[in-house]
Structures are given as C-alpha cells and as structure tokens.
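Heads up, the thing below is written out as structure tokens.
The values are calculated or read from the model by the stated rules, or taken from the named source; none is laboratory data. These figures come from a predicted structure and were not determined experimentally. Here the Cβ positions follow ideal geometry from the backbone for every residue, glycine too, while neighbour counts run over all protein chains shown.
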Amino acid sequence: MGSLLEVKDLATYFYTDEGIIKALDGVSFSIDEGEILGLVGETGCGKSVTATSIMGLIPSPPGRIVRGSILFNGRELLSLSERQMRSIRGREIAMIFQDPASSLNPVFRVGFQVAEAIWAHLKTPIREALLKAAELFGRVNIPDPLVAISRYPHQLSGGMKQRVMIAMALSLNPKLLIADEPTTALDVSIQAQILSLIKRLQRDYGSSVLLISHDLGVISTMAHRVAVMYSGLIVEEGRAEDLFQKPLHPYTQGLLAAIPRVDEDKSELAVIEGTIPDLTNPPAGCRFHPRCPWVMKICEAERPPLKAVEPKHKVACHAYAG
Amino acid sequence: MPTLVSAEKVLKHFPIGGGILTSKPTGWVRAVDGVSLSVEKGRTLGLVGESGSGKSTTGLLLLGLLKPSGGRIFFEGEPLEELLRRDPRRFRRRAQIVFQNPFASLNPRMTVKDIVGRGMKLHGLVESDRELDERVAALLSEVGLKEEHLNRYPHEFSGGQRQRIAIARALALNPEFIVLDEPTSALDVSVQAQILNLLKGLQRLRELSYLFISHNLAVVRHMSHEVAVMYLGKVMESAPKDSLFSDPLHPYTQALLKSIPKISFPPEDIEKKVIEGDIPSPVNPPSGCPFNPRCRRAVDICRAEMPDFREVMPGHWVACHLV
C-alpha cells in the first residue's frame, strides 16, 4: 500500500512578543492508505500543531510554516491556495476535536450542521442532505436518527455530541481522518464506545486515521504504527507492537515506566526528572538531553537524526549510533 | 486498622429550580444517594467513578463543606456534625483538601508564602513573621520546592509545581485527613508520576489518611489500599485493592475495568469491550439498580429494587442482586 500522506521536515513557528516558539522543528512521518497512525506526546510537544498544519489551519499571524512539505495523495498541500485547500478540508481530510461541545454551534440543530457540511461541498439540496445526515447518525449509533437530527447540541450528552462530530467528519467519505484527542473529554465507558466506532468506520470506509492522544493505552488499542513526539520533534517511530514491547528512546521508555497500569501493580512509579523544555529556547542538541539518564557529550551539541535502527523502527538518539 | 472517617448511608440531594418567585424546587439531583464507606488511619481509600457519579460531592461531605441531606458521618468515632458545632476551626485543622486544577485553586494575587502560610496565620500557629517564613520554607522543601520560591506568584510555576504548592497548603495545618480530588488529572504523565510519588511519600512520613478521588482506575490502583466504585450517587462495590482489581464482582466494575484501553499485545479488541448506553441523569435515575439499563445480566428484580450493599467476602462489599 502506498502512502496517502507524507510529511517531510515540517517546521511551524509562532512569532510572539516573547520570542519565536518553534512548535514543530523538522517533523517527518507518513501514513499509508487504510492505516491508523498514533501520535503520542505530552502537552506542548506539537501534536495538535501537526494536525492544524496539515489542515492548513495555522493562525497566521502569529503562526507560519517555515519549511517542509506535506504531500497528500501526491499533491503538495503547502502550495495550494486557500480556495483549493477549502475543497480538500472536510472533503478529503476531515478532523474531529477533543471537545465536541465547543466544536458544534449551539444555536443550530445538529442535523442541520451535518447537512450544511454536505451541502457546502456537494451542493446537495438541504432536504436530501438532512436525510443523509440521519443516515449517518444511524451509522454512528445515535438512537432515533430522525428525531436526533432536530436536537440542539445542549440536548445531547458528550458521547452523543462526539458521534455527531464523527458523522460530520465521515459525511463526505474523507481519505484521511485526523482525530485530535477524540475521547479525552469523555468518560471511560463512553471512550470505549467512541474508539470502537472509529475503528469500525475506519475498517468499513478504508480511511486512514491520524490519531492524536496522550493516552498510551488508547494508542496501543487503536494504532498500527506509533510516532512519539517530544518538544516539537518525533523521537521514535515504529509499529505499535515493536514500539510498546521494545521502546528504544529513553523518553519513550521513561514515559512507559511513569504511567500507573490498571492491569499490574507497580510499587513506585519511575520519574522523568525535570520538565518539558521551553519552546522559545529549546536545549541545544537533543532536546531531551537535560532530562535523559543516558546523556553523553554529543547529545548536548548535535541533534540526533531520526533513523531506522531496526526494520521499521526509527529512533532519534545518539545512543544508537554506529 | 482503626477507622478515621466513616460515612453511613449518606445522602446529598440538591434542589433544582425554585427561583425568586417560586420557592418550591421542581426536582432533586440525587448527587449522593446512600453512600457508606470508611477511611482507615494512615491508609488511602480510592473513590472511582465516571463524571456525575458523586465522587467530589462525597469528598466535600466528608470534610463538612457540604451538609448531608441524610445519613451520618463520623470522624474518629465522633459525629462530624457535633465536631463542627463545637469547634469548626479545630476540625479544619484536621481535614484538608487538594483540588484537581491548580490553575484555579491558587489565588493568582497571593504569593506562595501567603497561600501556604495563610492557614497557619489564621489559626494562630505562628508567633512571628520569621517563624512563618521558616515553617513555609520547610513545607516547600517537603513538597520538592525551594525556599527561593517563597515570594513568587502562582503564574510563575508549571502545573506540577502548582500542585506541589496546593499540597503544601493542605499540609500546613498538620492534618490527619486529606481529600485528594483528582490531584493529577490536569497534569502530564511524567509530572503525574512525580506528584503521585510525593503523595505516597508524605503519607508514609506523616501517617496521613487519604480519600483519593479519580476517574482513572490505573491511578487509583497505584495509590489506594481500599477502593470504592461509585455510579450515579451510589457505591456499587468496595474492597481491598487487590481483591477489587483481581476479582471484581459487580458487573459495572467488571465492565469498567474491561473498557479501559490497555497497552497490550496483541492489541485488545476494543469493539468487544464496550458498555452500551449513556450514563443516566442523577435527576431521574432508573428505578432499581442504577446500572440496570446498561447491565448485560439485568433481570426483573434489578429493575424493581435497589440491591442491598452487602459484605460478600471479608472486606468485599457489593450492591448487586446477582452476586
């Protein structure tokens, strides 16, 4: 299977009064057709900026994509006009966000909001589009779809609102779905429902998914391949089974040791000392070096490239050089 | 193990409606609906549940910050009501709280010294400003901050550091009991581990008793000695940690444990682990067992009668007709 999306050396900076925030500073990855790529990392590592950069939704000013390329289905997204981008956004690449309550317009009925998206792209008559919305509601397991389309967002629970967002995202059969922390605002039992829905739809529609989450359990359950981000860079990337069974980067290892597990007892949690670096003035060399238990001289000076050290398993760490 | 805090069939019902002109409420939110639990001395009771299950309300009730609509709460064998009537300030010294969001729970216009030291000042525990400085500095070092942080403001700190300040504030009056209400839910995983380790260390050193409230079962497993699972204002199951996690008896606990995405190989089939349906509203809870509309094993009696909360094995309590 070929790649649907290829991101190369993407750098997105924000020019603020406090300085230049290098939110992304050379991110490369690809997503194959029908693949779920999990993107994990902590607050401020650049997961969401990656998503908004792909969607062409970086607020400018202060943000700007300063270099790199985003190839989608063979087309360079960074060279498209806003008009051309608008026909891709929603139709070929759709996105769902963390907080469904703030993604829906509170003063319009949810069915209308989905129908409007269909109408905007396909010029389907609104009546027909509403029927299509009801059909989609059925597919995302919203009970009584014909009644549900005339509800307002506040009349629906968080889980139901996220289903509406998924219905909207799928309404035009996009090739790529970007899901940015889609279940973080939801309860555990509802989270399982939404994840299973995303998985089923991905299989049925054959879409590719970029799944962004800070929850390693969610990523392990969902993703085929995983990329770990730290401070605006990808530090490790590999197949889910390789990455979780044999994490290579000290940051990935630290992260896995730091989370309490529901299926095992850990007497003491391992701690990654220190805090996430300031993106206006990131450490030189490897950005993880001030917190790294393996730090060497070279780590303070040179940024390690992301390269394969095992088949299909890449890591950006000097410890694996040579 | 002697009990420090206990609740017996505690209720908290909040009125809905009842404005300026109509004083009669139009309904009741049954936030806490007959909760019995106990926190042992020097140990942690983990309270888990999904949103709206009444965890936080239970925490506030145990601290006497909300007045129960029914039932009784005891603190070291004495009725809480009695303690609060006799000497409310003295009770405040014994029971404290740490909230979820350290961005909202610290006054942005107060320095760390004022935030942490205010309680000691108000309770007359320090004689001079110098003593206050020393005591606050000692607390800061106990929670992993430095003396030089004394005169800084909350906005100068990261989320994890702010939570450390909130913990220092809770410790300032030398309490016996602390309610930790989702203390790490707003933090990143690597910072969460630091705070959880700190809380465990403090418990050992100071022999603190915790009520640890969280929606995250993995965190609760790590922190607790005993665990109580709440759903819609009721405790469905409570047991020592090991027996709750290795041998959950209530269908809700079982389903909840199953539905958490885990790191595993081969990956789990999430589609097989789903609890169907939405969490019902506590304004209009289902009759009988509150979990019955979502329970795969529900039978007629589950829809008609709320099951008793019974001890089915030593220390293992469950409210289910089928157990």
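Would you confirm whether or not region B:39-47 contains a residue that is farther than 13 Å from B:PHE177 by Cβ and modelled with pLDDT of 90 or more?
yes
Take A:SER28 and decide whether it is of a type in the set (S, T, N, Q) and in a strand (DSSP E or B).
Yes, satisfied.
If I go through region A:15-37 residue by residue, how many of them are touching a Ser or Thr at 6+ places or on another chain (Cβ under 7 Å), closer than 21 Å to A:THR252 by Cβ and in contact (Cβ under 8 Å) with a residue 40 or more places away in the chain?
Qualifying residue count for the region: 5.
Quick one: would you say A:LEU233 is crowded, with 22+ Cβ neighbours inside 10 Å, at the interface with chain B (Cβ under 7 Å from one of its Cβ atoms) and among the hydrophobic types (A, V, I, L, M, F, W, C)?
When the stated conditions are applied, A:LEU233 does not pass them.
Considering B:PRO286, B:PRO251, B:PRO261, which residue is surrounded by 15 or more Cβ atoms within 10 Å (Cβ to Cβ) and touching a Pro at 6+ places or on another chain (Cβ under 6 Å)?
Just a single option satisfies the conditions, and that option is B:PRO286.
Would you check which residues across region A:114-156 are over 23 Å from A:ASP204 (Cβ atoms) and in contact with a Leu (Cβ under 8 Å, 6 or more places away or on another chain) and list them?
A:PRO153
Identify, by number, the condition in (1) within 25 Å of A:MET168 (Cα to Cα); (2) assigned to a helix (DSSP H, G or I); (3) not acidic (Asp, Glu) that A:SER220 doesn't meet.
(1)
Residues checked against (1) more than 14 Å from B:ILE115 (Cα to Cα); (2) crowded, with 22+ Cβ neighbours inside 10 Å; (3) more than 9 Å from chain A (Cβ to nearest Cβ):
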residue: B:HIS155; (1), (2), (3): no, no, yes
residue: B:GLY159; (1), (2), (3): yes, no, no
residue: B:ALA170; (1), (2), (3): no, yes, yes
residue: B:GLU176; (1), (2), (3): yes, no, yes
residue: B:SER185; (1), (2), (3): yes, no, yes
residue: B:ASP188; (1), (2), (3): yes, yes, no
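Please find, among A:THR221, A:THR184, the residue that is touching a Pro at 6+ places or on another chain (Cβ under 7 Å) and either at pLDDT 90 or above or not hydrophobic (A, V, I, L, M, F, W, C) (or both).
Among A:THR221, A:THR184, only A:THR221 is touching a Pro at 6+ places or on another chain (Cβ under 7 Å) and either at pLDDT 90 or above or not hydrophobic (A, V, I, L, M, F, W, C) (or both).
Evaluate the following for B:ARG296: is it more than 30 Å from B:ARG43 (Cα to Cα), over 26 Å from the mean Cα position of the chain (by Cα) and not in a helix (DSSP H, G or I)?
yes
Go through region B:28-57 and give me each residue that's surrounded by fewer than 24 Cβ atoms within 10 Å (Cβ to Cβ) and either on the phi > 0 side of the Ramachandran plot or assigned to a loop (DSSP other than H, G, I, E, B) (or both).
Of everything in region B:28-57, those that are surrounded by fewer than 24 Cβ atoms within 10 Å (Cβ to Cβ) and either on the phi > 0 side of the Ramachandran plot or assigned to a loop (DSSP other than H, G, I, E, B) (or both) turn out to be B:GLY34, B:LYS41, B:GLY42, B:ARG43, B:GLU50, B:SER51, B:GLY52.
Given the condition buried (at least 21 other Cβ atoms within 10 Å of the Cβ), within 23 Å of B:TYR210 (Cβ to Cβ) and either in contact with a helix residue (DSSP H, G or I) (Cβ under 7 Å, 6 or more places away or on another chain) or within 14 Å of chain A (Cβ to nearest Cβ) (or both), answer yes or no: does some residue in region B:119-133 qualify?
No, there is no match, as no residue in region B:119-133 is buried (at least 21 other Cβ atoms within 10 Å of the Cβ), within 23 Å of B:TYR210 (Cβ to Cβ) and either in contact with a helix residue (DSSP H, G or I) (Cβ under 7 Å, 6 or more places away or on another chain) or within 14 Å of chain A (Cβ to nearest Cβ) (or both).
Of all residues in region B:235-262, which are among the aliphatic types (A, V, I, L, M), under 18 Å from the mean Cα position of the chain (by Cα) and not in a helix (DSSP H, G or I)?
B:VAL235, B:MET236, B:ALA239
Would you please name the residue that is surrounded by the fewest Cβ atoms within 10 Å (Cβ to Cβ), looking only at residues in region A:202-230 that are within 13 Å of chain B (Cβ to nearest Cβ) and of a type in the set (Val, Ile, Thr)?
Checking each candidate, the answer is A:THR221.
Exactly one condition in (1) facing another protein chain (nearest Cβ under 9 Å); (2) under 22 Å from the mean Cα position of the chain (by Cα) is not met by A:ALA257; state its number.
Evaluating A:ALA257 over (1) facing another protein chain (nearest Cβ under 9 Å); (2) under 22 Å from the mean Cα position of the chain (by Cα) leaves (2) as the failure.
Of all residues in region A:236-250, which are within 21 Å of the chain's Cα centre (by Cα) and either small (Gly, Ala, Ser) or facing another protein chain (nearest Cβ under 9 Å) (or both)?
Within region A:236-250, A:GLY238, A:ALA240, A:GLU241, A:PHE244 meet the criteria.
Let's see how each residue does on (1) out of contact with any Cys (no Cβ under 7 Å at 6 or more places or on another chain); (2) without any contact (Cβ under 8 Å) to a residue 40 or more places away in the chain; (3) over 30 Å from B:ARG164 (Cα atoms):
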| site | (1), (2), (3) |
| --- | --- |
| A:PRO260 | yes, yes, no |
| A:SER267 | yes, yes, no |
| A:PRO305 | yes, yes, yes |
| A:ALA316 | yes, no, yes |
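Within the set of pairs 6 or more residues apart or between chains, which connect a residue that is more than 10 Å from B:LEU139 (Cβ to Cβ) inside region B:153-177 to a residue that is of a type in the set (Gly, Ala, Ser) and in a helix (DSSP H, G or I) with Cβ atoms less than 7 Å apart?
From residues that are more than 10 Å from B:LEU139 (Cβ to Cβ), the pairs are B:LEU173/B:GLY119.
Against the condition within 26 Å of the chain's Cα centre (by Cα) and within 13 Å of chain A (Cβ to nearest Cβ), how does B:CYS289 come out, does it pass?
no
Can you tell me which residues in region A:63-85 are touching a residue at least 40 places away in the same chain (Cβ under 8 Å) and surrounded by 16 or more Cβ atoms within 10 Å (Cβ to Cβ)?
Passing the criteria: A:GLY63, A:ILE65, A:GLY68, A:ILE70, A:LEU71, A:PHE72, A:ASN73.
Consider region B:260-284. How many of its residues are over 18 Å from A:MET160 (Cα atoms) and facing chain A (nearest Cβ under 7 Å)?
Within region B:260-284, residues that are over 18 Å from A:MET160 (Cα atoms) and facing chain A (nearest Cβ under 7 Å) number 10.
With within 13 Å of A:LEU71 (Cα to Cα), at pLDDT below 95 and surrounded by fewer than 20 Cβ atoms within 10 Å (Cβ to Cβ) as the only criterion, which of A:SER3, A:SER48, A:SER60 stands out?
A:SER3
Output the residues belonging to region A:263-289 that are within 7 Å of chain B (Cβ to nearest Cβ) and over 30 Å from B:PHE245 (Cα atoms).
Passing the criteria: only A:THR275.
Within 8 Å of chain A (Cβ to nearest Cβ), in a loop (DSSP other than H, G, I, E, B) and either surrounded by 22 or more Cβ atoms within 10 Å (Cβ to Cβ) or not polar (S, T, N, Q) (or both) - does that describe any residue in region B:208-230?
yes
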